Amino acid sequence: MSGAKNAILPAMAASLLSEGPVEIVGAPLLRDISTFGTLLGILGAEVSRTGNGDGRDTLRIAPGVADKAEAPYDLVKTMRASVLVLGPLLARYGRARISLPGGCAIGERPIDQHLRGLELLGARTALSEGYIEATADRLKGAPVCFDMKTVTGTENLMMAAVLAEGTTVLSNAALEPEVCDLARLLRGMGADIEGEGTDEIVIRGVRSLRGVRHEVMADRIEAATLLLAGAITGGDVTVDGADPFGMGAVLDKLRETGAEVSAVPGGVRVRRAGPIRSVNVKTAPYPGFPTDLQAQFMAYMCLGDGFSIISETIFENRFMHVAELRRMGARIDVSGNTAAVKGVTNLSGAPLMATDLRASASLVLAGLAAAGTTEVLRIYHLDRGYDALERKLRSLGADISRVKE
Ligand code: EPZ
């Protein structure tokens, strides 16, 4: 099991707040992590990695003086999570210039909640030539209530508030385990923060934060993707290091489909011998069913014994995998943010095009269960969030290999 991408990226951003080096233990080899490392380098930090690339490497980040507190367009456009440096740069250096992230394949992805929250803490923001320019003398704690649950919005505001003067209360905060992991890291650095994992996070500003060694949480989306590989192929898969806490919604759904799901010492086990029962899924903010597993679960439902209604309530365009799954013989009708999946007895292998990170994982899962050979092209999308997925699947008995495109 690798460390969670969506916990490591905010942790890397948080290192900008620290006077001393921050060590993040459990880093897989992911494109987004190396991209974020490049960004931190541009911001004057020194980033190094030690380990043997087994998914448990240690990143060491020593922040420098960010004389150029700017996240350039050509980097931000490849990784929206770059927006996570906004809060720390403002808190530490009083200024930041971030290319306004454009939309991405799955949706428009605005950052209005991030900007409104930072303005409530006293920052002044302006948009010029596609860049957000933000300045603040010293951020002042204030109440901030988010219009909707936003994971990186909550994380950005947490990182801005820990060095602000006075108390900040974040209401309607995101509850994701990755948000809690960030709070644990910030507390380890000396921040005064409580309430993570609830709707209200209270942060009392401190003068400075120190370096720390932080063991990052396991990647629950990777774990669930591997468990779904077991379920879709009628196999018996145990994912070591998977923590059932934080995966409740997807494990419950797996049980509803007739799969046997059990917590075993140090991991989670899934077995599926009988038919796949079609079930309905509606994505929701944590602790609801994660949008990052919607595509993978849809692949599984393509082989269900009836109808499965899948609603995507978080992002407006996260059904790009549907057209590709149809090429394998899947029966899926989409109307707005709802997909009706009529299970078929089998899928047939085909050449497919990956469009975004989680959609590419969905196509790999479908390929594992399909008759014949499936080729997934443009798997640079996959490499953004999965570390050597084909190696892990091969160790489970899959006939899968990476070939030159
Ligand atoms: C995080 O993205 C994750 N990324 C996403 O994972 C994940 O899908 C998403 O949370 C939802 O769980 C990281 O943690 C790096 P949001 P984020 O802000 O924070 C709207 C993956 O595959 N919104 O929680 O960008 C937004 O448009 C990635 O690993 C605003 O309108 O998502 C969306 O509809 C994909 N204004 C909803 O809120 C804002 O200012 C939730 O988005 C912010 C968000």
**OP:** Would you kindly derive the ³J(HN,Hα) couplings of segment 36-53 from the backbone phi angles with the Karplus curve 6.51 cos²θ - 1.76 cosθ + 1.60 (θ = phi - 60°), listing them in order in whole Hz, with x for Gly and Pro?
**Re:** 5, x, 4, 4, 5, x, 4, 8, x, 8, 10, 10, 9, 10, 10, x, 10, x
Original post:
Ranked from the most accessible area to the least, with a 1.4 Å probe and all protein chains present, what is the order of Ile42, Ile310?
Top reply: Ile42, Ile310
Subject >> Cα centroid of segment 318-391 to Cα centroid of segment 88-156, whole Å >> reply: 34
**OP:** Run the 1.4 Å probe and let me know the accessible area of Glu222, rounded to the nearest 10 Å².
**Re:** 10
Original post:
Is there a pair in Lys253/Lys392; Lys5/Lys149; Lys5/Lys342; Lys77/Lys149 whose C-alpha atoms are over 30 Å apart, and which pairs would that be?
Top reply: Lys5/Lys342
Original post:
Could you give the length gained on full extension between Thr78 and Arg116, defined as 0.36 nm per residue of separation minus the Cα-Cα distance, in nm?
Top reply: 11.3 nm
**OP:** Would you kindly derive the ³J(HN,Hα) couplings of segment 291-303 from the backbone phi angles with the Karplus curve 6.51 cos²θ - 1.76 cosθ + 1.60 (θ = phi - 60°), listing them in order in whole Hz, with x for Gly and Pro?
**Re:** 4, 6, 10, 4, 5, 5, 5, 5, 4, 5, 5, 4, 10
**OP:** Mind giving me the FRET efficiency for Val334 and Leu100? R0 is 30 Å, r the Cβ-Cβ distance, nearest 0.05 is fine.
**Re:** 0.50
**OP:** If a/c stays under 1.5 just call it rounded; otherwise compare a/b with b/c (prolate if a/b is bigger, oblate if not). Do that for segment 5-215, with a ≥ b ≥ c from the square roots of the Cα gyration tensor eigenvalues.
**Re:** rounded
Original post:
Applying the Karplus parametrisation 6.51 cos²θ - 1.76 cosθ + 1.60 with θ = phi - 60° to the phi angles of segment 155-171, what ³J(HN,Hα) value in whole Hz is obtained for each residue in order, glycine and proline being reported as x?
Top reply: 5, 4, 6, 4, 6, 6, 6, 5, 10, 6, 7, x, 9, 10, 10, 9, 9
Original post:
Points 7 angstrom from Cα along the Cβ direction at Ser171 and Lys68: gap in nanometres?
Top reply: 4.2
Subject >> Length gained when the stretch Glu375-Glu215 is fully extended (0.36 nm per residue, less Cα-Cα span) >> reply: 54.0 nm
**OP:** Can you pull the one-decimal nm distance between simple spin-label points at Glu194 and Asp236, each 7 Å off the Cα toward Cβ?
**Re:** 4.8
**OP:** Any aspartates and glutamates with Cα under 12 Å of the Lys404 Cα? List them, leaving off those in the same chain fewer than 8 positions away.
**Re:** Glu375
Original post:
Is segment 220-395 rounded, prolate or oblate when judged by the Cα gyration tensor, a ≥ b ≥ c being the square roots of its eigenvalues, rounded requiring a/c under 1.5 and prolate requiring a/b larger than b/c?
Top reply: rounded
Subject >> Ranking by accessible area, most exposed first, for Tyr386, Tyr131, Tyr93, Tyr380 with a 1.4 Å probe >> reply: Tyr380, Tyr93, Tyr131, Tyr386
Subject >> Modelled FRET efficiency - R0 25 Å, Arg269 with Asp54, Cβ distances, 0.05 increments >> reply: 0.70
**OP:** Might you work out the accessible area of Leu389 for me, using a 1.4 Å probe with all protein chains in place, and round it to the nearest 10 Å²?
**Re:** 10
Original post:
Roughly how tilted is helix 177-188, in degrees to the nearest 10 and between 0 and 90, from the longest Cα axis of the chain?
Top reply: 30
Subject >> Amide H partners (placed H, <5 Å) of Glu215, local residues excluded >> reply: Val25
Original post:
Any idea which of Ala69, Leu396, Thr238 is furthest toward the positive side of the dipole for the chain, if Lys and Arg beta-carbons carry +1 and Asp and Glu beta-carbons -1?
Top reply: Leu396
Subject >> Magnitude of the charge dipole, the chain, Cβ model with Lys/Arg +1 and Asp/Glu -1, debye to 20 >> reply: 400
Original post:
Sorting Phe297, Phe319 by accessible area (1.4 Å probe), largest first, what list results?
Top reply: Phe319, Phe297
Original post:
Roughly what would the spin-label model give for Glu108 and Glu316, points 7 Å off Cα along C-beta, in nm?
Top reply: 0.4
Subject >> Debye, to nearest 20: dipole size of segment 220-395, +1 on Lys, Arg Cβ, -1 on Asp, Glu Cβ >> reply: 280
**OP:** Inverting the mean 1/r over all pairs of different Cα atoms, compute the Kirkwood radius of the chain and quote it in Å.
**Re:** 21.6
**OP:** Scan around Val376 for amide H atoms under 5 Å from its own, H built in the peptide plane at 1.01 Å from N, and keep only partners 5 or more places away or cross-chain.
**Re:** Leu352
Subject >> Within segment 5-215, percent of DSSP bridges classed antiparallel, to nearest 5 >> reply: 75
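The values are calculated or read from the model by the stated rules, or taken from the named source; none is laboratory data. All figures in this text were calculated on a predicted structure; none of them were measured in a lab. Backbone-built Cβ (ideal geometry, glycine too); neighbour counts: all protein chains shown. Calculation scope for accessible area: heavy atoms of the full protein, side chains included, ligands and nucleic acids excluded. Shrake-Rupley method; radii C 1.70, N 1.55, O 1.52, S 1.80 Å.
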